[in-house]
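Trainee: The structure's right below; bear with me while I get my questions together.
The values are calculated or read from the model by the stated rules, or taken from the named source; none is laboratory data. The structure presented is a predicted model; accordingly, all values stated were derived computationally and were not measured. No Cβ is skipped: glycine too gets one built from the backbone with ideal geometry, and neighbour counts run over all protein chains shown. These accessible areas exclude ligands, DNA and RNA; they are computed on the full protein's heavy atoms, side chains included. Shrake-Rupley method; radii C 1.70, N 1.55, O 1.52, S 1.80 Å.
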Amino acid sequence: MTAPYRVFVTRVLPGNGFAELLEDPAFDLDVWPVDFPPTRDELLEHVVGVDALVCLITDTIDSAVLNAAGEQLKVVSQMAVGVDNVDVAACSARGIPVGNTPGVLTETTADMAWALILSSARRVVEAAEYVKDGEWKTWTPTQMAGVDVFGSTLGVVGFGAIGQAIARRAQGFGMRVLCWNRTPRPEEAAAVGAEQCGFDDVLSQSDFVCVSIALTDDTRQLIDARAFELMKPGAILVNTARGPIVDEAALVSALEAGQIGGAGLDVTAIEPLAMDSPLLTMRNVVVLPHIGSASLATRGKMADIAVANLRAGLAGEPLPHSVSLAVDG
Ligand code: GLV
């Protein structure tokens, strides 16, 4: 009998696929047992000699990790759609496929963007805290009054599957929807009743600007001081993609200056957000702990895809979902 595949899994995963993997004698699993990710040193130690790595967005998978693992490493399978924490180019150059988990989290993440749109506009979190803090003494005409969502303009920056799902939901709110994507997507825009515009137009005409784009070298700090200057006074920024797409210092300045109306952030430049961040002192900012795809059903499906990618990679088959780059030569 051939030796089982050695696999380091950087956290306990949900889903049936992982439960089956644990019982499968073809796999020798080293599962990181606690919620906190392995430290850099622990990661470098646990990957030595593995055939495969299953990782999360909190794990930095770079050349040093690939070197530490060794030449037998056959696949890197990430349980997330975004893979900015993985040096995909370095993996691809070594012929190591990288898997991700798109599709199943699209609608769940779009729901969360909408939770942030609605809670930022209608001050839901602030108002709930007000009640809990015993501040609710009476009813007044302007108590906790926010801004209307229905009939306003939504701007979607990045028009992939999640951006389109966010836009589709806006139809129910009678909104005008503007979208921008690096590669124009006119058919997808028309399908959800959105107008494709230039980047600056989306920023300057929208009441809600939703960031829904992958983090790459091109999109890092895409929403910068200039972008905030373009935005309408009172506009609300929502980010369910990746924190570093927004220049967080510029966001704080724009909020402090009252240049924009508020922000709903599921992601921050550094996660977890430092407790001394000015963002946490602002009543018009809602910060969530990166839970865009966090429904139990969706997280189970994501883990199942990560396991399917792992199995395919070890079998030398194409991954069901791969982000590997074409390598010249
Ligand atoms: C989560 O942020 C993901 O990329 O899936």
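Trainee: Can you tell which of Gly70, Gly99, Gly49 is buried (at least 21 other Cβ atoms within 10 Å of the Cβ), closer than 21 Å to Ala312 by Cα and at pLDDT 95 or above?
Mentor: Gly99
Trainee: Condition first: assigned to a loop (DSSP other than H, G, I, E, B) and closer than 15 Å to Ala326 by Cβ. Now tell me which residues in region 71-105 satisfy that.
Mentor: Once the filter is applied, which keeps residues that are assigned to a loop (DSSP other than H, G, I, E, B) and closer than 15 Å to Ala326 by Cβ, region 71-105 yields Arg94, Gly95, Ile96, Pro97.
Trainee: Taking the options Glu195, Glu188, Glu229, name whichever one is away from the ligand (no atom under 16 Å from the Cβ), under 22 Å from the mean Cα position of the chain (by Cα) and charged (D, E, K, R).
Mentor: Glu188
Trainee: With the checklist (1) under 21 Å from Glu271 (Cβ atoms); (2) within 16 Å of the ligand (Cβ to nearest atom) in hand, flag the one item Ile166 doesn't pass.
Mentor: If we test Ile166 against (1) under 21 Å from Glu271 (Cβ atoms); (2) within 16 Å of the ligand (Cβ to nearest atom), just (1) comes out false.
Trainee: Taking region 74-90, which residues are under 12 Å from the mean Cα position of the chain (by Cα) and near the ligand (Cβ under 9 Å from one of its atoms)?
Mentor: Within region 74-90, Met79, Ala80, Val81, Gly82, Val83, Asp84 meet the criteria.
Trainee: Quick check on my filter: what residues within region 153-200 are under 25 Å from Arg122 (Cα atoms) and charged (D, E, K, R)?
Mentor: Matches in region 153-200: Arg168, Arg169, Arg176.
Trainee: Okay, moving on. For Pro186, indicate whether it is surrounded by fewer than 21 Cβ atoms within 10 Å (Cβ to Cβ), touching a strand residue (DSSP E or B) at 6+ places or on another chain (Cβ under 6 Å) and without any contact (Cβ under 8 Å) to a residue 12 or more places away in the chain.
Mentor: So Pro186 passes the test.
Trainee: Just wondering, is there one or more residues in region 312-328 that are open to solvent by 80 Å² or more (accessible area, probe 1.4 Å), touching a Cys at 6+ places or on another chain (Cβ under 9 Å) and either within 26 Å of Val88 (Cα to Cα) or part of a helix (DSSP H, G or I) (or both)?
Mentor: yes
Trainee: Looking at region 70-79, is at least one residue basic (Lys, Arg) and over 27 Å from Ala241 (Cβ atoms)?
Mentor: yes
Trainee: Kindly indicate which of Ala115, Ala128 is surrounded by fewer than 23 Cβ atoms within 10 Å (Cβ to Cβ) and touching a Gly at 6+ places or on another chain (Cβ under 9 Å).
Mentor: Going through Ala115, Ala128 in turn, just one is surrounded by fewer than 23 Cβ atoms within 10 Å (Cβ to Cβ) and touching a Gly at 6+ places or on another chain (Cβ under 9 Å): Ala115.
Trainee: Working only within region 43-58, note down all residues that are away from the ligand (no atom under 16 Å from the Cβ) and closer than 30 Å to Asn239 by Cα.
Mentor: Passing the criteria: Leu43, Leu53.
Trainee: Give the residue, chosen from Thr281, Thr298, that is more than 20 Å from Lys74 (Cα to Cα), polar (S, T, N, Q) and buried (at least 20 other Cβ atoms within 10 Å of the Cβ).
Mentor: Thr298
Trainee: Of the residues that sit in region 1-25 and are among the acidic types (Asp, Glu) and open to solvent by 80 Å² or more (accessible area, probe 1.4 Å), which one is nearest to Gly313 (Cα to Cα)?
Mentor: So, considering only residues that are among the acidic types (Asp, Glu) and open to solvent by 80 Å² or more (accessible area, probe 1.4 Å), the one nearest to Gly313 (Cα to Cα) is Glu20.
Trainee: For the structure I just gave you, tell me whether Gly262 is over 17 Å from the mean Cα position of the chain (by Cα), over 22 Å from Val285 (Cβ atoms) and touching a residue at least 24 places away in the same chain (Cβ under 8 Å).
Mentor: Considered against the rule, which asks whether it is over 17 Å from the mean Cα position of the chain (by Cα), over 22 Å from Val285 (Cβ atoms) and touching a residue at least 24 places away in the same chain (Cβ under 8 Å), Gly262 comes out as no.
Trainee: Check whether at least one residue in region 157-171 is surrounded by fewer than 24 Cβ atoms within 10 Å (Cβ to Cβ) and within 17 Å of Gly262 (Cα to Cα), and report yes or no.
Mentor: Checked against the condition, which is being surrounded by fewer than 24 Cβ atoms within 10 Å (Cβ to Cβ) and within 17 Å of Gly262 (Cα to Cα), region 157-171 yields no hits at all.
Trainee: Going through Arg226, Arg220 one at a time, which residue ends up being of a type outside the set (Asp, Glu), part of a helix (DSSP H, G or I), at pLDDT 95 or above and over 21 Å from Met112 (Cα atoms)?
Mentor: The unique qualifying residue is Arg226.
Trainee: I'd like to know if region 59-66 contains one or more residues that are more than 16 Å from the ligand (Cβ to nearest atom), within 24 Å of Thr219 (Cβ to Cβ), of a type outside the set (A, V, I, L, M, F, W, C) and free of Cβ contacts under 8 Å to residues at least 40 places away in the same chain.
Mentor: Yes: region 59-66 contains one or more residues that are more than 16 Å from the ligand (Cβ to nearest atom), within 24 Å of Thr219 (Cβ to Cβ), of a type outside the set (A, V, I, L, M, F, W, C) and free of Cβ contacts under 8 Å to residues at least 40 places away in the same chain.
Trainee: Quick one: count up the residues across region 232-260 that are more than 16 Å from the ligand (Cβ to nearest atom) and either within 25 Å of Gly160 (Cβ to Cβ) or of a type in the set (D, E, K, R) (or both).
Mentor: So the answer is 10.
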